[in-house]
Amino acid sequence: MTTKKKPRVYITRKLPDAVETRMRELFDAELNIDDTPRSAAELVAAMQYADVLVPTVTDRIDAALIEQAGPQLKLITSFSNGVDHIDIDAAARKGITVTNTPNVLTEDTADMTMALILALPRRLAEGARVLTDKPGEWAGWSPTWMLGRRLFGKRIGIVGMGRIGTAVARRAKAFGLSIHYHNRKRVSPATEDELEATYWDSLDQMLARVDFVSVNCPSTPATYHLVSARRLALLQPTSYVINTARGDIIDEAALIKILREGKIAGAGLDVFENEPAVNPKLIKLAHEGKVVLLPHMSSATIEGRIEMGDKVIINIRAFIDGHRPPNRVLPGR
């Protein structure tokens, strides 16, 4: 009896030990133990011998790379929910199937979004720095010191009412926020009733009326700079912007300008337009207490990463067994 040859699986970044161990058991898996990001040349070299590529959001798998892939590469199974880093159409032309790991990070991302919504008006980051940056200088409680703004009774406008946007809305409603949203289409009447949500067909009209703007839509050509300079100018001077989706959905330069001019109250960002580079002007604004910045960590939970790995493994096993992977991403997305 012959043993079926294991597929060669190239993993571009360090994954949780439990995921890597299972991959080594099931596949001829090449790991990235030191988690050094792979260069374009290294990715091309791997794509010329691997049967399966497992990239992450930090790996840009564009048409030029895909064109150089060897004929044996038939599956790119991304360790990510978003797939804006992969040219899906180019992969389809090459006969390569692409999958992702959806429906795993919803609650984790919504939690962090809510954390930023809380941190901004209540000045959590500023307060923490008082104790850590200048120990011993805090004089004690004062009735007019570190005054923030109340969440209860305010309005939140959610841009993109998919799974994550809806999860954010549920959390925000529990804190007494009134839910407003803009989406390509309305959510179900049952969801609107549950959340007591107000739908806005016009994003412009919604932005002008809310106290918090939470960006939760995917990054696509249609959403590039969706929150543009013109739209940012519609916001109230007491409003806050939160982005845990993708950096290029907001015109970052325009956001910096409006923050520096004091035309909005603040911003909470977990993603950046040119990450991992962070604009030095944003760092300066953070020191001034006008923004809260996080290093793209809204989905970073142990449970979430392991579930993502499980989905990657399921997609690979389904594909090599001759079945359609459950999380296939279709071209033309």
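Quick one: Karplus J couplings for region 30-43, per residue in order, coefficients 6.51, -1.76, 1.60, θ = phi - 60°, nearest Hz, x for Gly and Pro?
9, 9, 10, 4, 8, 6, 6, x, 7, 6, 4, 5, 5, 5
Trypsin sites (Lys or Arg not before Pro), restricted to region 1-82: which are DSSP loop and have at most 11 other Cβ atoms within 10 Å?
Qualifying residues, ordered by number: K4, K5.
With a cap of 11 neighbouring Cβ atoms within 10 Å, and only residues DSSP puts in a loop, list the GluC sites (Glu not before Pro) found in region 146-202.
Here the sparse-neighbourhood loop sites are E196.
Relative to the longest principal Cα axis of the chain, at what angle does helix 163-174 sit, 0 to 90 degrees, rounded to 10?
Long axis of 163-174 versus the principal axis of the chain: about 30 degrees.
For L75, which sequence-distant residues (separation of 5 or more, or a different chain) have an amide H within less than 5 Å of its own amide H, given hydrogens modelled in the peptide plane?
Counting only residues 5 or more places away or on other chains, the set is L53, T97.
Return the single residue from P121, P135, P218 with maximal mean-square fluctuation; model: Gaussian network over the chain, springs between Cα atoms under 10 Å.
Comparing P121, P135, P218 in a Gaussian network model of the chain, the most mobile one is P135.
Nearest 0.05, what FRET efficiency do A253 and E25 give at R0 = 45 Å with Cβ-Cβ as r?
The value I calculate is 0.40.
How many angstrom lie between the Cα centre of region 186-236 and the Cα centre of region 59-87?
Answer, in whole Å: 31.
May I ask you to give the percent of accessible area on region 204-333 that is carbon plus sulfur, with a probe radius of 1.4 Å?
Roughly 56 percent of what the probe reaches on region 204-333 is carbon or sulfur.
Give me the extension gain from N103 to E275: residue separation times 0.36 nm, minus the current Cα-Cα distance, reported in nm with one decimal.
59.5 nm
Of the options L234, G332, L282, report the single residue whose Cα projects farthest towards the positive end of the charge dipole of region 195-333 (beta-carbon charges: Lys, Arg +1; Asp, Glu -1).
Working it through, the farthest residue towards the positive pole turns out to be G332.
Compute the FRET efficiency between I314 and A92 as 1/(1 + (r/R0)^6), taking r as their Cβ-Cβ distance and R0 = 30 Å, and round to the nearest 0.05.
0.90
Per residue, how many Å² of accessible area does region 105-293 show with a 1.4 Å probe?
51
Given K6/K311; K281/K311; K154/K284; K14/K173, which pairs have Cα atoms separated by over 30 Å?
From the list (K6/K311; K281/K311; K154/K284; K14/K173), the Cα-Cα distance tops 30 Å for K281/K311; K14/K173.
Taking region 228-271, which trypsin sites (Lys or Arg not before Pro) meet the DSSP loop condition and have no more than 15 other C-beta atoms within 10 Å?
In loop regions of region 228-271 (DSSP not H, G, I, E or B), the sparsely surrounded trypsin sites (Lys or Arg not before Pro) are K263.
Counting Lys +1, Arg +1, Asp -1, Glu -1, what net charge surrounds A254 among other residues with beta carbon under 13 Å of its beta carbon?
+1
Counting Lys and Arg as +1 and Asp and Glu as -1, each charge on the Cβ, what is the dipole of the chain about the Cα centre in debye, to the nearest 20?
Around 540 debye, computed over the chain.
For a paramagnetic label modelled at 7 Å from the Cα of K5 toward its Cβ, which residues of region 41-58 fall within the zone defined by backbone nitrogen distances under 12 Å?
50-51
Figure the gain on full extension for E67 and T144 (residue separation times 0.36 nm, minus the Cα-Cα span) and round it to one decimal in nm.
21.5 nm
Could you work out the longest stretch of the chain that avoids the chymotrypsin sites (Phe, Trp or Tyr not before Pro) located in DSSP loops with at most 15 other Cβ atoms within 10 Å?
It works out to 225-333.
The values are calculated or read from the model by the stated rules, or taken from the named source; none is laboratory data. All values reported here derive from a predicted model rather than from experimental measurement. Quick reminder, even Gly has a Cβ in these numbers, built from the backbone with ideal geometry, and neighbours come from all protein chains shown. All accessible areas refer to the heavy atoms of the entire protein, side chains included, with ligands and DNA or RNA removed. Shrake-Rupley method; radii C 1.70, N 1.55, O 1.52, S 1.80 Å.
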